[in-house]
Amino acid sequence: MGLNAMVSEVEVFQIVAMFIKILVVVMVCMTVPPLMVWVERRAPALIQRRKGPNRVGVFQFRIWGLMQAIADAVKLIFKEEIVPAVANRRFFHIAPMIGVIPALLTASAIPFGPDIELFGYVVPLTVINVDAGFLFILAISSLGVYGITLAGWASNNKYSLLGSLRSSAQMVSYEIPLGLSLIPLVMIFSTFKLNDIVVSQNNILGWGVFLAPISFFLFAISMFAETNRAPFDLAEADSELVAGFHTEFGSTKFALFFFAEYINMFVLSCLCATLFFGGWQIPFVSHDTVVGILQNITEDYASLLAALVGMLTLIVKAAFFMWFFVWVRWTLPRFRYDQLMGLGWKFLLPLGLFNIAFTALIIAWRTF
Amino acid sequence: MGATLLFGIFAFLIVACSLMVVLAKDSVVSAVFLVADLFVMACIYALLGADFVAAIQVLVYAGAILILFLFVIMLLNLDIVAARTNAGPLEIGMFIVVLIGFGILVVNLLLGERIELLPPGDSGLSITGKGNSYDLGLVLFSKYLWPFEMASVLILLAMVAGVLIAKRGKKKQP
């Protein structure tokens, strides 16, 4: 029995489409951290009225110092890799990988465009179209904490251990308000599937942020705590803990932690845009209108071009939230640890429970 | 064909990880393999089409409970290697019980009826066609409403008891 008999044409097409989708998602995710390095240095310069890195360019073209990202990457890769003598070598090598793999995996559940028709097959523009939808993202991203915890422990350094213990307690605590904030959305859209949620937000008044404003408030706060970003960056509070859990890491290992942090931010930004801001849909313009306009230009590739427009829309929306992350970091001072825990358990958790009960009451009132 | 192969890989990984949990000398290594074990178990649920259960398995067990295990091990700096002694009568007795149970399982697998694995597919076990999570919610809030509510009350009781014990300990110290 040859290979042709075992695998049908449909399966070959599906496998090839899957590989292309994985490639696109990984490429986009891998482009984000270097770009964000540049943004993270230029944005505070803008906020604090200084110049920031604006020199590195190609030959005489400065292009706003964009090449600084590549210079930073080259510097990181060529640094000497140092493993502390007292470190637990096994986990010291594994920890950065455990950090970055869940980050990349979570990106696979984000729907980045409308379904497209290609050679007679319908291709959903998400790598895996799981029934559990965003629960999958929450589940996999909750594994990322092991990278941080093991990194701190394996370094055998008190600052690292303190940083990693802080970070894991913080991430486990804020997963609860994050999860609770999403339950009203499930109740409103009555599905877990992310693409179905996007499709039902075709009207701007039907956006998640207007239907469940408290949910968005909870999600936005938990988002910062989950990614260990300022004002909740206690895991790497540089004034107290040197650099927290990645104090002992250098070179490519540090770069991996860096990638994990920015990819996590990007995925949460995409998730926020998907759940609360209509995902790949352009505000005020329905998907059918976009396809209609594009059909006037090209008859055959209208649905493909519409998918591309959808992708760009999602990236613009996600870019806004990435900017929001940086904006908040350079605006708000860091919380104290007990304030952070108090906020999580004494304010956000009851508010999340109240939000669920409130939404349920409204839905019940409108139904009966 | 593909599903059976994947099931074989996952089953092998579960057994290997479980063995490592028990045999590893370092308690942190044990805990990490327990995480891997629970994660692969979620993979088997996903293979059966039970997406919701798989996600909850990873979210609750691997993501939340095991991190607390790791937390305690790191904070107390547990050193099991030093505490390990030669097997006493208790350990030997436990080993015999486990061996008998395993023997019964093997005999049952060889002689008993074949258990049909549920057919994997895109919609999984969906009866209504609206997805596995929808079905699960429907069943939980109709047929199994009382057991479900009882379980939630039980968990609440445990939580209240935990808070109470923690508070009582504090009051004694002025």
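The values are calculated or read from the model by the stated rules, or taken from the named source; none is laboratory data. What you see is a predicted model; the values in this text were computed from it and never measured. Counting neighbours? That spans all protein chains shown, and the Cβs are built from the backbone with ideal geometry, glycine included. Ligands, DNA and RNA are stripped out before the accessible areas are found, and what is left, the full protein with its side chains, is counted by its heavy atoms. Shrake-Rupley method; radii C 1.70, N 1.55, O 1.52, S 1.80 Å.
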Residue list for region A:63-77, restricted to those being open to solvent by 70 Å² or more (accessible area, probe 1.4 Å), without any contact (Cβ under 8 Å) to a residue 40 or more places away in the chain and touching a helix residue (DSSP H, G or I) at 6+ places or on another chain (Cβ under 9 Å): A:W64, A:I70
Every residue from region B:27-49 that is at the interface with chain A (Cβ under 9 Å from one of its Cβ atoms) and over 15 Å from the mean Cα position of the chain (by Cα): B:V28, B:V29, B:G49
Criterion (open to solvent by 60 Å² or more (accessible area, probe 1.4 Å), within 23 Å of A:I128 (Cα to Cα) and out of contact with any His (no Cβ under 6 Å at 6 or more places or on another chain)) met by exactly one of B:L38, B:L5: B:L5
Given (1) surrounded by fewer than 21 Cβ atoms within 10 Å (Cβ to Cβ); (2) part of a helix (DSSP H, G or I); (3) not charged (D, E, K, R), number of the condition A:Q170 does not satisfy: (1)
Positions within region B:32-51 being at pLDDT 85 or above and either farther than 21 Å from B:V15 by Cα or not aromatic (F, W, Y) (or both), in sequence order: B:V32, B:L34, B:V35, B:A36, B:D37, B:L38, B:V40, B:M41, B:A42, B:C43, B:I44
Residue ID - farthest from A:F245 (Cα to Cα), chosen from residues in region A:129-139 that are more than 7 Å from chain B (Cβ to nearest Cβ) and in a helix (DSSP H, G or I): A:F134
Among (1) crowded, with 17+ Cβ neighbours inside 10 Å; (2) free of Cβ contacts under 8 Å to residues at least 40 places away in the same chain, the one test that B:L47 misses: (2)
